[in-house]
Amino acid sequence: MAIGKNQHVVKHPEGWAVKGAGNSKATRVTPTQAEAIQIAQNIARNQHSDTKIHGENGRIRAGNSYGPDSCPPKDQK
C-alpha cells in the first residue's frame, strides 16, 4: 500500500491552509484552523499518512499518524 504525503496545516493570508508535504500550492484554504485540521485529518486517513499542525508562529505544535506504526506497542492485550 502506498503511503501518501503528510498533510500540513499552516497559516495563510486568507486563514489556514492544508498543504501536502513539498507542495507549493494549498490543497484547501479555510477561515479557521479547526476546519483545516478536519480536512487534513480526512486526507491523511485516506492516504495513510500524518498530519502536522503548525501554530501561528509556523512551528509544529501537534500532529497525528494515520499510517502503519513502525514501533507498535509491545504489550498485546
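Annotations for the structure displayed:
- Flag if K52 is surrounded by 16 or more Cβ atoms within 10 Å (Cβ to Cβ) and among the basic types (K, R): yes
- Scanning the range 31-49 for residues that are buried (at least 19 other Cβ atoms within 10 Å of the Cβ) and either small (G, A, S) or in contact (Cβ under 8 Å) with a residue 40 or more places away in the chain (or both) gives A36, A40, A44, S49.
- For first residues located in the range 57-77 and under 30 Å from Q33 (Cβ atoms), partners that are exposed (fewer than 10 other Cβ atoms within 10 Å of the Cβ) and lie 6+ apart or on another chain with Cβ distances below 6 Å do not occur.
- Looking across the range 49-76 at every residue that is over 11 Å from the mean Cα position of the chain (by Cα) and closer than 14 Å to G4 by Cβ, the one that is modelled with the highest pLDDT is identified as G67.
- Near pairs, Cβ below 7 angstrom, 6+ apart or cross-chain, from the range 18-30 (free of Cβ contacts under 8 Å to residues at least 40 places away in the same chain and under 9 Å from H8 (Cα atoms)) to any residue that is hydrophobic (A, V, I, L, M, F, W, C) and part of a loop (DSSP other than H, G, I, E, B): V18/A26; K19/A26
The values are calculated or read from the model by the stated rules, or taken from the named source; none is laboratory data. Since we're looking at a predicted model, the values are computed, not measured. Positions of Cβ are generated from backbone atoms using ideal geometry, with glycine treated the same way; all protein chains shown enter the neighbour counts.
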